[in-house]
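The numbers here are math on the coordinates, done by the rules we state, and not lab data. Quantities reported herein were computed from a predicted structural model and do not represent experimental measurements. With ideal geometry, Cβ positions are generated from the backbone for all residues, glycine too; neighbour counts draw on all protein chains shown.
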C-alpha cells in the first residue's frame with residue numbers, strides 16, 4: 001500500500017473537502033476541551049491534592065516521621081467521591097463517542113460521501129456496541145500482553161480496523177468486527193506499524209506541545225485560567241492540522257484495505273444505523 005499516496009490524499013482532502021476537516025477537528029477538540037474541563041472540575045482537584053500529598057510524604061522524606069494512618073487519612077480525604085468518579089467516567093465515555101464520530105466523518109470524507117459536522121454525534125446511535133467493542137479490545141490486548149509485551153503489541157495492530165468495521169457495518173457484532181479485523185490485517189500489521197513510524201515526528205511535536213501546556217498549567221496551579229492555557233497551548237500549536245491529517249490517512253488505509261468489499265457493499269447514502 002502506497003503510504004505517500006494516502007498521505008497526499010489526506011492533504012488534498014484537508015484543502016478541498018467540505019465541511020473542512022480542520023474546522024471539524026476544531027469543533028471536535030473544543031468539545032473534548034469542554035469535557036476535559038468538566039473532568040477536571042470533577043476529579044482534577046483531587047488529583048492535584050494527591051500529587052501534593054505524595055510530594056510531602058516522598059520528596060520531603062517524611063515517611064519515618066509521620067504516622068502511616070495520617071498518610072492514609074490524607075489520601076482518603078483527597079480522593080474524589082464515588083459520585084464524582086462516576087460522572088467523570090461518563091464524561092470520558094462521551095469524549096470517546098465523539099472521537100468515534102470524528103472517525104465516521106473521516107470515513108465519509110475519504111469515500112467522497114456527503115459529510116457534516118453532525119457526524120461527530122453519529123456514533124451515539126450505536127453507543128453500546130462501540131463501548132462493548134472497546135471493552136473487548138482492551139480485554140484481548142491485556143490478555144495477550146500477559147504472555148509478554150510483543151504478543152500484546154501484535155494484538156493491538158491485529159484489532160486496529162475493528163472500529164472502522166463496526167462503524168460501517170453496524171449490523172455486525174463487536175466480536176465479528178474483531179475477528180474480521182484480525183483476518184484483514186493478516187500480513188499488514190508490519191505495514192501499518194511503519195505507517196505509524198512515519199507519523200512519529202508529528203506525534204513527537206504533539207507530545208512536546210502537550211508537555212509545555214501541562215507545565216504552564218502546573219506552574220499556575222489548579223485554576224480555570226491554567227486549564228484554559230493548557231488546552232489552548234495543546235490545541236492551537238499542532239492538533240488542528242495533525243488530527244485530521246492522521247485520521248484521514250488511517251481512514252484511507254482502511255478503505256484501501258477493504259476496497260473489494262467496500263466497492264460492492266456501500267451506497268452513496270450510507271449512514272450509521274440509529
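The Stokes-Einstein estimate for the range 102-192, based on a Kirkwood radius over Cα pairs and taken at 25 °C with 0.890 mPa s viscosity, is a diffusion coefficient of 176 µm²/s. Annotation for residue 34 and residue 204: the two label points, set 7 Å from Cα along the Cα-Cβ direction, are 3.6 nm apart.
Between residue 182 and residue 150, the simple label model (points 7 Å from Cα in the Cβ direction) yields a spacing of 2.0 nm. For the pair residue 131 and residue 189, the difference between a 0.36 nm per residue extended length and the Cα-Cα distance amounts to 18.5 nm.
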